[in-house]
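*Asks:* Quick one: the structure is below, and I'll ask about it shortly.
The values are calculated or read from the model by the stated rules, or taken from the named source; none is laboratory data. Remember, predicted model here, so these are calculated numbers, not experimental data. Positions of Cβ are generated from backbone atoms using ideal geometry, with glycine treated the same way; all protein chains shown enter the neighbour counts.
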Amino acid sequence: MKKTRVRFAPSPTGPLHMGGVRTALYNYLFAKKRGGDFILRIEDTDSHRFVPGAEEYIIESLRWCGIMPDEGLGPDGRLAEKADERNPHAPYRQSQRRGIYRKYAEQLVRDGFAYYAFDTAAELEAARSQAEAAGQTFIYNAATRGSLRNSLTMGSDEVERLLGERNDWTIRFRMPSDEVVVMEDLIRGHIEVNTSTLDDKVLWKRADELPTYHLANIVDDHLMEISHVIRGEEWLPSLPLHFLLYRAFGWERPEFAHLPLLLKPVGNGKLSKRDGDKMGFPVFPLKWTSPEGEVSRGYREDGYFADAFVNLLAMLGWNPGTEQEIFSMEELIEAFSLEKVGKSGAKFNPEKAKWFNKEYLRMRSDEELCSLFMPILSSNGVNAPAEKVQEIVGLIKERATFVSDFWDIAWYLFKAPEEYVEKDASKFWKKENVDMARQALTETDSAQAMEEYIRAKEWPMGKVMNCIRLALTGSSNGLGIADIMRFIGREEALLRFRRAEERLVIC
């Protein structure tokens, strides 16, 4: 049985979208389930769209998510450029493989499956305009190529002359005329497309001596012995061409699977950065700063755990068939199959993403959460013993979604309030409440004794306790008085109450 080999082949045209990370994840899970290899390849043949830093961003994103390739990266963690035992197909950056592709494009020309095209941009635009004037759509294929400037309509001498004189010619695939291409997709099932609806795609460009995606993709997948191509739905229209290219070369085809789109939280359409900006959530795994200085948020910098991010991505399009929602990477590998990936788009829910992180936070040990919280305390000018911080974390983590929430939830356990919520002060800081609260605090030595004291006096528990909480925390919200006093101590509680008396006006 042929070894399973899959690849993730993004283009370095900007930050890696979370949909791209999901594609990488599904490839990784599929390969690991079958004991196969997951390969990283960078498809940078479109030199005009190359963005500096994008390749490094892709690699760092995969590293953060724990989706590390078996092949493609060298010992330095960068894309491998020289072949070795681990990376026998190096280089894995297509621009460094440019010398490979021309011979395959010209092989197709010799075998009659492709041809040289000499049409200028102006000539093609004129052909499009003429078709539009007749109420038609221009397609460069069997119906039109006979009237255009290419090696199928010109003499061999003229073709040779133009190949030598001009540097703007291309090699186009010769799409068969009126043929039904029959295909099978592991997710979509049976697909049929008539070639009359398809155009003669450019495969290789003399101008930059680089292939287009279609040729480079097929050649590299063949040379790297890819067994399964698992990619996004947006590549589904290219499937007939890729099927025909494999047939033209006489190569064994890999199996194909086209994943559903990630959809907007509301309405239809592909999830975009604009949706995230509008609704306040990231669509990239890591923060990204564009060459123009525009900063985009990332899940890592927003406080998400990598395993929570991976888990939520896995569930966007794949259904395990059970009620289980929380999966470790090992469990995902064991449970994953393409048969359980849906055909329709998966709508992204930002609140569900937060739910995943909340669940993963709860599963973290108090010790680990303490170590993550300590730098936040330090940035807020707090130097507290780890033992105390760990105990506080254990008390409050059920209330938090992110580690950064710990400060918002319990900052008053580390420092006295400087301000008081005006609405709460006007409601609870009344003379009779303050008198009762002062007496309860000074006459008892613990929160439990204080509650018993208030009950014995038959005072209104809620009014007195909210008055005390206001003095201790600056608002009527927060942890229970007993927990607050346990961490700040009775003396600090008395100091904070006296300070509140000095600063707050009796309502």
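*Asks:* Just for the stretch 207-236: of the residues that are out of contact with any strand residue (DSSP E or B) (no Cβ under 7 Å at 6 or more places or on another chain) and in a loop (DSSP other than H, G, I, E, B), which one is nearest to A117 (Cα to Cα)?
*Replies:* Of everything passing the filter in the stretch 207-236, A207 is nearest to A117 (Cα to Cα).
*Asks:* Taking the criterion of being buried (at least 16 other Cβ atoms within 10 Å of the Cβ), touching a Leu at 6+ places or on another chain (Cβ under 9 Å) and touching a residue at least 60 places away in the same chain (Cβ under 8 Å), would at least one residue in the stretch 234-243 satisfy it?
*Replies:* yes
*Asks:* Out of the residues in the stretch 1-47 meeting the condition of being charged (D, E, K, R) and not in a loop (DSSP other than H, G, I, E, B), tell me which one is nearest to the chain's Cα centre (by Cα).
*Replies:* Restricting to residues being charged (D, E, K, R) and not in a loop (DSSP other than H, G, I, E, B), the top hit is R22.
*Asks:* Enumerate the pairs (first residue in the stretch 263-281 and closer than 17 Å to L313 by Cβ; second residue anywhere and in a helix (DSSP H, G or I) and of a type in the set (D, E, K, R)) with beta-carbon separation below 8 Å, excluding pairs fewer than 6 apart on the same chain, so at least 6 apart or on different chains.
*Replies:* Listed by first residue and then by second, the contacts come to K264/D275; P265/D275.
*Asks:* Could I ask something else about it? Restricting the first residue to the stretch 195-223 and requiring it to be in contact (Cβ under 8 Å) with a residue 12 or more places away in the chain and of a type in the set (K, R), which pairs with a second residue that is assigned to a helix (DSSP H, G or I) and surrounded by 20 or more Cβ atoms within 10 Å (Cβ to Cβ) meet a Cβ separation below 6 Å and a spacing of at least six or different chains?
*Replies:* Correct list of pairs: K201/L241.
*Asks:* Go through the residues of the stretch 485-499 one by one and say whether even a single one is part of a helix (DSSP H, G or I) and either touching a His at 6+ places or on another chain (Cβ under 8 Å) or of a type in the set (S, T, N, Q) (or both).
*Replies:* There is no residue in the stretch 485-499 that is part of a helix (DSSP H, G or I) and either touching a His at 6+ places or on another chain (Cβ under 8 Å) or of a type in the set (S, T, N, Q) (or both).
Residue-by-condition table, conditions (1) in contact with a strand residue (DSSP E or B) (Cβ under 8 Å, 6 or more places away or on another chain); (2) closer than 25 Å to E60 by Cα; (3) not hydrophobic (A, V, I, L, M, F, W, C):
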| site | (1), (2), (3) |
| --- | --- |
| E252 | no, no, yes |
| P265 | yes, no, yes |
| G269 | yes, no, yes |
| G280 | no, yes, yes |
| W288 | yes, yes, no |
| E292 | no, yes, yes |
| R300 | no, yes, yes |
| F327 | no, yes, no |
| V341 | yes, no, no |
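*Asks:* Looking at the stretch 284-398, what helices (runs of 4 or more DSSP H) fall wholly within it and have at least 2 residues that are out of contact with any Ser or Thr (no Cβ under 6 Å at 6 or more places or on another chain) and within 27 Å of Y26 (Cβ to Cβ)?
*Replies:* 306-314, 329-335, 350-363
*Asks:* Which number in (1) surrounded by 19 or more Cβ atoms within 10 Å (Cβ to Cβ); (2) in contact with a Leu (Cβ under 9 Å, 6 or more places away or on another chain); (3) over 30 Å from K347 (Cβ atoms) marks the one condition that F249 misses?
*Replies:* F249 satisfies every listed condition except (1).
*Asks:* Going by the structure shown, is F284 among the hydrophobic types (A, V, I, L, M, F, W, C) and in contact (Cβ under 8 Å) with a residue 60 or more places away in the chain?
*Replies:* Answer is yes for this residue.
*Asks:* So, one more: What are the residues in the stretch 257-277 that are assigned to a loop (DSSP other than H, G, I, E, B) and surrounded by 16 or more Cβ atoms within 10 Å (Cβ to Cβ), if any?
*Replies:* Once the filter is applied, which keeps residues that are assigned to a loop (DSSP other than H, G, I, E, B) and surrounded by 16 or more Cβ atoms within 10 Å (Cβ to Cβ), the stretch 257-277 yields P260, L261, K264, P265, L271.
*Asks:* Looking at the stretch 85-93, can you tell me whether even one residue there is aromatic (F, W, Y) and in contact with a Lys or Arg (Cβ under 6 Å, 6 or more places away or on another chain)?
*Replies:* Checking the stretch 85-93: at least one residue is aromatic (F, W, Y) and in contact with a Lys or Arg (Cβ under 6 Å, 6 or more places away or on another chain).
*Asks:* Being under 20 Å from the mean Cα position of the chain (by Cα), more than 19 Å from N319 (Cβ to Cβ) and either surrounded by fewer than 16 Cβ atoms within 10 Å (Cβ to Cβ) or aromatic (F, W, Y) (or both) is the filter here; which residues of the stretch 352-385 pass it?
*Replies:* The one that is under 20 Å from the mean Cα position of the chain (by Cα), more than 19 Å from N319 (Cβ to Cβ) and either surrounded by fewer than 16 Cβ atoms within 10 Å (Cβ to Cβ) or aromatic (F, W, Y) (or both): Y360.
*Asks:* Does the stretch 440-495 hold any residues that are modelled with pLDDT of 95 or more, crowded, with 17+ Cβ neighbours inside 10 Å and among the polar types (S, T, N, Q), and which are they?
*Replies:* Passing the criteria: N466, T473, S475.
*Asks:* Take the residues in the stretch 105-140 that are in contact with a strand residue (DSSP E or B) (Cβ under 8 Å, 6 or more places away or on another chain) and not hydrophobic (A, V, I, L, M, F, W, C); name whichever of them is surrounded by the fewest Cβ atoms within 10 Å (Cβ to Cβ).
*Replies:* E106
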